[in-house]
Every structure is written in C-alpha cells, then in structure tokens.
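K.L.:
One structure follows; several queries about it will come next.
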Amino acid sequence: MHTLARNMLISAVLLGLFAIGGSGMVAWIFANTKQQIAANERATVLRNLHQLVPPETHDNDLFNDVLEIIDPQLDNSKEPVKVWRARRQGKPVAVIINSIAPDGYSGSIKLLVAIRYDGTLAGVRVVQHRETPGLGDGVDLERSNWILQFNNKSLGNPVTDKWRVKRDGGEFDQMTGATITPRAVIKAVRNTLGYFATHRDKLFATAIGETKP
C-alpha cells in the first residue's frame, strides 16, 4: 500500500515538473519569437502598402502614420478600418484605406484602396475574401487582372451612373458567371472615394493612432 502511494506521489511530482517545464518552454519560445513575428507582420503589411504607394513617393513612416475610422459611408459601423497616410516633406501624398465590401457573394471582402491626394485611385487590392474559386475570386490579383481597372479612376471618372458593371449599364467589366462579387467591390471602392472626398483634409490632420468615429 505504501509502495502504491509512493509511486502515485512520484508520478504526480513528475507530471507537475513536466507541466512546469512545458509552460516554461512555451514562455521562452514566445518571448524569443515575439519580435520576429511582429517584424514579419510589419513586412507583410508594408509589402502590400508599397504595391500601391511605392516607397520612393513618400518619406514618412507609412506603417506607423495610421489612424482608425468608423463611418457608415464605409459600411463598417462595427469594425474600425485602418487608414495609412503617405507624406513627402510633410505634405500629403496619398492614403490607403483598409476598406470593406460587406455584401460579397460569400461574405465580406477586405480591400486596400489607395487614393492620391488629388482624389485619383493609385490602385485597389483584395486582401481577404471567401469568394467562390474560379468565379468570384477573380477580384484577387493573383487570379486575374480585373482589379487593375480601378487604376487612375476617380469619383468623377467614370461619372456616378457608370460606377457599375457593364451588365448594369456601367463601365466596369464583370466576370463570367459572377456579378455579385464585382458589384460589391465596385460599390465599396466608390464609397471609399466618396468618404475620402468628404474627409480628405481631416484624414491627414487627425493625430496618429487616433480612432475617428
């Protein structure tokens, strides 16, 4: 009986030591990889941002010159979106808005919408979606060049009635077998341009890191 109790005690102690050792190992790994993970995330974000606003066009810290906004015009009444601001010698160059198209075929589509200070589009990229492979996923630049047709467009080019797919009488190409997805993206991009036109100066004046309702 004493032997059984002693064996159980030894087992409990060993399990406790393993638990402590495992927790310590996890904490050590986390502490030693945290900075690397943060650096990798920063590099990924900057790579996406610089596709739209190249490094040579600005001289500020684009990654940290950022604010968060919530506005019904952007269809993000629940989730704030980030706005990165590019400047050169203190003067505004462009913004990149992490906009949301809430009405995609399979859910929300997250975009990067880059708008130059003069209101023209530097470009648009889809950064997250769940659209149907072979159909709606054509909004992704890795699948097709569809998204490039936004380059250099503006709120007045095309005019308001033409911010639609061609099937609806607009100027933008649709995709074979998919119209809901491009409609959602076109609407979100135009809404983002409209928001920028209304709030341009405030966007550049708002303090870094501030949340703007």
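The values are calculated or read from the model by the stated rules, or taken from the named source; none is laboratory data. Model, not experiment: these values are computed from the prediction. Ideal geometry is used to build each Cβ from the backbone, glycine not excepted, and the neighbour counts take in all protein chains shown.
K.L.:
Please state which one of Gln128, Gln149 is out of contact with any Gly (no Cβ under 7 Å at 6 or more places or on another chain), more than 20 Å from Asp103 (Cα to Cα) and either modelled with pLDDT of 95 or more or of a type outside the set (Lys, Arg) (or both). Outline the logic, then answer.
P.N.:
Details: Gln128 fails: more than 20 Å from Asp103 (Cα to Cα).
Step by step, each of Gln128, Gln149 is checked, and only Gln149 is out of contact with any Gly (no Cβ under 7 Å at 6 or more places or on another chain), more than 20 Å from Asp103 (Cα to Cα) and either modelled with pLDDT of 95 or more or of a type outside the set (Lys, Arg) (or both).
K.L.:
Only one of (1) at pLDDT 90 or above; (2) under 18 Å from Thr206 (Cα atoms) is not met by Leu74, so which one is it?
P.N.:
(1)
K.L.:
Does Ile20 satisfy being at pLDDT 70 or above and either assigned by TED's automatic domain parsing to the domain that holds Gln128 or in contact with a His (Cβ under 8 Å, 6 or more places away or on another chain) (or both)? Step through it out loud before you land on a result.
P.N.:
On the way: at pLDDT 70 or above: yes; either assigned by TED's automatic domain parsing to the domain that holds Gln128 or in contact with a His (Cβ under 8 Å, 6 or more places away or on another chain) (or both): no.
No; evaluated as a whole, the condition is false for this residue.
K.L.:
State the number of residues belonging to the range 181-213 that are at pLDDT below 85 and not basic (Lys, Arg). Steps first, answer last, please.
P.N.:
Of the range 181-213, the ones at pLDDT below 85 are 206-213.
Subsequent filtering for residues that are not basic (Lys, Arg) retains 206-211, 213.
Count: 7.
K.L.:
Kindly check whether there is at least one residue in the range 82-99 that is surrounded by fewer than 19 Cβ atoms within 10 Å (Cβ to Cβ), touching a residue at least 40 places away in the same chain (Cβ under 8 Å) and among the hydroxyl-bearing types (Ser, Thr, Tyr).
P.N.:
No, because not a single residue in the range 82-99 is surrounded by fewer than 19 Cβ atoms within 10 Å (Cβ to Cβ), touching a residue at least 40 places away in the same chain (Cβ under 8 Å) and among the hydroxyl-bearing types (Ser, Thr, Tyr).
K.L.:
Tell me which residues, restricted to the range 121-142, are out of contact with any His (no Cβ under 9 Å at 6 or more places or on another chain) and either among the hydrophobic types (A, V, I, L, M, F, W, C) or crowded, with 17+ Cβ neighbours inside 10 Å (or both). Walk me through it before giving the result.
P.N.:
Just the residues of the range 121-142 that are out of contact with any His (no Cβ under 9 Å at 6 or more places or on another chain), to begin with: 121-135, 138, 141-142.
Hits for the range 121-142 are Leu121, Ala122, Gly123, Val124, Arg125, Val126, Val127, His129, Glu131, Leu135, Gly138, Leu141.
K.L.:
Check whether at least one residue in the range 167-176 is modelled with pLDDT under 85, surrounded by 13 or more Cβ atoms within 10 Å (Cβ to Cβ) and in contact with a helix residue (DSSP H, G or I) (Cβ under 6 Å, 6 or more places away or on another chain), and report yes or no.
P.N.:
Checked against the condition, which is being modelled with pLDDT under 85, surrounded by 13 or more Cβ atoms within 10 Å (Cβ to Cβ) and in contact with a helix residue (DSSP H, G or I) (Cβ under 6 Å, 6 or more places away or on another chain), the range 167-176 yields at least one hit.
K.L.:
Does Lys187 meet the test of being charged (D, E, K, R) and touching a residue at least 24 places away in the same chain (Cβ under 8 Å)? Quick ask: steps written out before the conclusion?
P.N.:
Details: charged (D, E, K, R): yes; touching a residue at least 24 places away in the same chain (Cβ under 8 Å): yes.
Considered against the rule, which asks whether it is charged (D, E, K, R) and touching a residue at least 24 places away in the same chain (Cβ under 8 Å), Lys187 comes out as yes.
K.L.:
A further question follows. Determine whether Val83 is among the hydrophobic types (A, V, I, L, M, F, W, C), within 22 Å of Thr206 (Cα to Cα) and either more than 14 Å from the chain's Cα centre (by Cα) or not in a strand (DSSP E or B) (or both).
P.N.:
Numbers: among the hydrophobic types (A, V, I, L, M, F, W, C): yes; within 22 Å of Thr206 (Cα to Cα): yes; either more than 14 Å from the chain's Cα centre (by Cα) or not in a strand (DSSP E or B) (or both): no.
The answer is no for Val83.
K.L.:
Okay, moving on. With the range 99-150 as the region, which strands (runs of 3 or more DSSP E) entirely inside it contain at least 1 residues that are more than 29 Å from Arg88 (Cα to Cα) and over 14 Å from the mean Cα position of the chain (by Cα)?
P.N.:
On the way: elements: 100-104, 107-116, 121-128.
By residue number, 100-104, 107-116.
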